[in-house]
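Worksheet: one structure, shown below.
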Amino acid sequence: MQAAVGQDSQGGGPAAGDGALAWSVAAMSDALRRLAGARAADIPQAVAAATEAVWWITAVDAAMILHHPAEYGRALAALDPAARRAVERSFAGFRFIRSQLGYSADPAGFIQRQPADCAPALTRTWQHLPSPPPQRGTARDTSPYREYRAQLAGRPLTEALTRTADFPSHAHAAASAGHRIHASTI
């Protein structure tokens with residue numbers, strides 16, 4: 001997938017960000033593979049891979065919305081209503097994690113500790129967290145936390161990450177295929 005393959009929405013040059021987007025999709029997949037390969041004894045590796053995957057998933061989602069809104073909308077519309085809500089709510093939950101990382105939360109704090117830290121990384125779950133203090137006091141500020149709690153807390157790390165990452169991966173593949181077809185007809 002090359003940037004020169006896609007066309008911008010006005011039919012001009014390459015679609016902005018397509019090369020970076022393809023690279024981001026690959027980085028997201030790599031982080032998920034590292035998480036899947038993390039051994040039970042290597043919890044720091046699993047935490048790093050999980051939080052990196054969260055970052056890439058939210059970055060790819062934002063890039064798809066920005067650079068390929070029509071393809072993104074079509075991919076969402078193709079999902080049944082329950083799957084669409086689950087994907088949208090999971091993205092909100094991952095945005096909550098991303099916004100907490102680095103300055104107000106330890107990445108390991110999002111991952112449920114297992115007895116004696118002997119459980120494989122793949123069986124670890126997202127931690128149930130208390131509600132964060134309100135930043136601005138609006139309902140919108142609490143929505144990502146509610147979605148984190150509803151969609152992610154208590155669920156296996158890889159299940160939620162993989163299910164959510166599948167959506168922008170498929171939407172990106174559809175956008176790339178559409179651009180290849182469009183470019184070949186010119």
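Any read-out appearing in this document is the output of simple, stated calculations on the displayed coordinates, not a laboratory observation. Remember, predicted model here, so these are calculated numbers, not experimental data. Cβ placement follows ideal geometry from the backbone for every residue including glycine, while neighbour counts extend to all protein chains displayed.
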Problem set entry | Per-residue Cβ neighbour rank within 10 angstrom, fewest leading, ILE111, ILE65 | ILE65, ILE111
Seminar exercise, completed: Scalar couplings 3J(HN,Hα) for the stretch 148-154 by Karplus 6.51 cos²θ - 1.76 cosθ + 1.60 (θ = phi - 60°), nearest whole Hz, x for Gly and Pro, are 4, 4, 6, 9, 10, 4, x
Exercise. Can you sort TYR148, TYR72 by how many other beta carbons sit within 10 Å, fewest first?
Worked result: TYR72, TYR148
Seminar exercise, completed: When TRP126, TRP55 are arranged by how many other beta-carbons sit within 10 Å of their Cβ, fewest first, they go TRP55, TRP126
